[in-house]
Structure formats: C-alpha cells, structure tokens
Amino acid sequence: MTPQRIISSRTWAELFVLALIWGGVFLAVRLALDEVPFVTSVAHRVFWAAIILWIYVWLRGLSVPRDRRTWIALLVMGCLNNVIPFSLMAWGQLHIESGLASVFNSATAIFGVIIAALILADERLTMRKVVGSLIGFFGVATAIGLESLRNFDITSLAQLAVVAGTISYGFAGVWARINLSALTPQVAAAGMLTGSSIVMVPAAFVIDGVPSFDLSATALGAIAYYVIFATAGAYLLYYRILAAAGSANLMVVTLLMPPISIMLGALVLDETLSTNVYVGLAFLALGLTILDGRLLARLRR
C-alpha cells in the first residue's frame, strides 16, 4: 500500500482555498449568464485565462513545446477539459440551480476512475473502485430524480448536459496522462486553454456575434472572478497542491465544493434544492470516500 502523504497546515489551507474558489465558480457563471450568452461566457473564460497563464509561463522562463503533435494533443485536451464541459455546464445552468450543477460536477472523480480503468492498462478496476463507483452513480441518479426521467423536459436535459460535462472531464484526465505527461503542468494548462480559445472565440463570434463589454458591474465581476481566480489562478494553485499533497488529498476539494456552491446559491440567488439532491450528494460523498480508500484502511487498522 502506498503510504499516505503527510501535508502541512499551509497545504491544508490551500486545499480549502481551492475548494472555496471552485465552489464559487458556479455562482459566478450563473451571474454572468444573466447578461452574456453561454458560448461567449466560455470564450471569455478560456481566452483571458490563457493570456494570464502565458504571462506566468514567460515570467518563469518555462520551456514551450514547438512540435505539431504536442499542440494537436493540447487542442484535443482543450476540447475535452474546457470546451465541452464548460459549454455543457454553462448551458445547463441556464435551466438548473448552480448548487445542483456543483453536485453533478462532484461526480467527475467517479467517471474518471471508470474511464481510466477502461482505457489504461495499469488502472485496474478493484472491488473497492467498483463499489465506490456504483454508489456514486446511485448518488447522481438520486440527485436527478426518477420524476425528472419520467417527465423528460428542458430541466432534465440540462441535468444530463452537466453530467455529460463531468464525463468529458474523465476522458480529459486519461488523455492528459497519455499525451501530455512530458509537459510542465503550467505549460500544459496554458496550451490547453489556448486550444480551447481556438475553438471557442470563433464560435462565440459566429453564434453570439461581437462580444459586448457594456455589462453591469456584477457581470464584469463574475467574468473577472471565473477568469482570474477560478481558471488561471485555480490551475496554478491546483498544481501546487498536487505537488505538495498528492492526488488523493485533492479529493477533499471535490467533497467540499458542493456545500459551498449550495450555500452561495441559496444566499445570493435564493435557490432551494429538493431533498433528493441532498440525499444524492450524501451518496456521492460516500462513493468518493470509498474510492479514496484511506478511511476504510484506517477502520481496518
């Protein structure tokens, strides 16, 4: 068994900060969508964040890839990790609560484990992973609700769109491991966002027209938040924590994001969620805990 990594108080604080940042992104996206079409909203997010990260790469003097194969891989990564999930989730938030979107987003680790096991030879699907994934799936189904599936409407479609976005995240993780492991994380993130911009900026002009910056302070602040903090800044903080704490400890972020998003949605947007959403979140949290495995190991000891 791989020994659990001991992390510092500072790294724990950074974990909670990252959870707060990503927990707030669902509220920020929803506020921006009141004035900005969802395609343009995503284009803002990836384009300006890419510029910020390239400035960081330049200041740090990091090596930038020049071969065609790497840039094609970054373009695909941008589609899997940004274009598809950001677009599906932004559209979905037009029809469902921001807190509910964050609950579905927490299933990313569940789908990531399944997809990795299906594609990567060294990612065995152990009994623990099977049980954790099944409980997580049950949590997603519970949050959606049988009534939504029986009476299929635009809300049901929006819920499935957000879930599809989390599946795309799962494929992105596998793609990055296969094709981008040789790049430094900061360069990979900047390149990925550049690939996303190549797709989303033209799409925004074609679908929504020339972006308007005649927006309220609320919308501008929301865009600034999810560009600077929830995308560019969060990627840098994520990789810093990854190096210090390891991927297993980042599960804490996944578990903390939904309660933060639900609380913010209730306070700012006056959102209320049905009981089945909270029950589904509880099952998702249980599934993620089982996937993590450390609590079970401690109980056995």
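Here is how the numbers come out for the structure above:
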quantity: The chain - percent relative contact order, Cα under 8 Å, separation 6 or more; calculated: 41
quantity: Gain upon complete extension [residue 181, residue 71; 0.36 nm per residue less C-alpha separation]; calculated: 38.3 nm
quantity: Potential extension, residue 243-residue 59 segment - 0.36 nm per residue separation minus Cα distance; calculated: 64.2 nm
quantity: For the chain, built as a Gaussian network whose Cα springs stay under 10 Å, the top-fluctuating residue of 81, 105, 276; calculated: 276
quantity: Segment 164-301 - convex hull of alpha carbons, volume per residue in Å³; calculated: 174
quantity: Charge dipole (segment 183-300, unit charges on Cβ, about Cα centre) - positive-most of 262, 239, 216; calculated: 239
quantity: Using θ = phi - 60° and Karplus 6.51 cos²θ - 1.76 cosθ + 1.60, couplings along segment 61-73 (whole Hz; Gly, Pro as x); calculated: x, 6, 6, 10, x, 10, 7, 5, 4, 5, 5, 5, 4
quantity: Given (i) 19.8; (ii) 20.6; (iii) 23.9, the label whose value is Kirkwood radius over Cα pairs in Å derived from this model; calculated: (i)
quantity: Relative packing of peptides 192-198, 252-258 - highest average C-beta neighbours within 10 Å first; calculated: 192-198, 252-258
quantity: Helix-derived mean residue ellipticity, 222 nm - over the chain, DSSP H n ≥ 4, -39500 (n - 2.57), to 500; calculated: -24500 deg cm²/dmol
quantity: Calculated FRET value between residue 141 and residue 95, using beta carbons and R₀ = 22 Å, to 0.05; calculated: 0.70
quantity: Selected from 112, 61, 287 as most flexible by GNM, with the chain as the system and alpha-carbon contacts under 10 Å; calculated: 61
quantity: Point-charge dipole on Cβ atoms (K/R +1, D/E -1) for the chain, about Cα centre, debye to 20; calculated: 1420
quantity: Label-point separation, residue 228 to residue 12 (7 Å along Cα→Cβ), nm; calculated: 3.0
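Read-outs: derived from the displayed coordinates by stated rules, not from any lab. Here the structure is a predicted model, which is why all the values come from computation and not from measurement. So basically every Cβ, Gly included, is an ideal-geometry build from the backbone, and we count neighbours across all protein chains shown.
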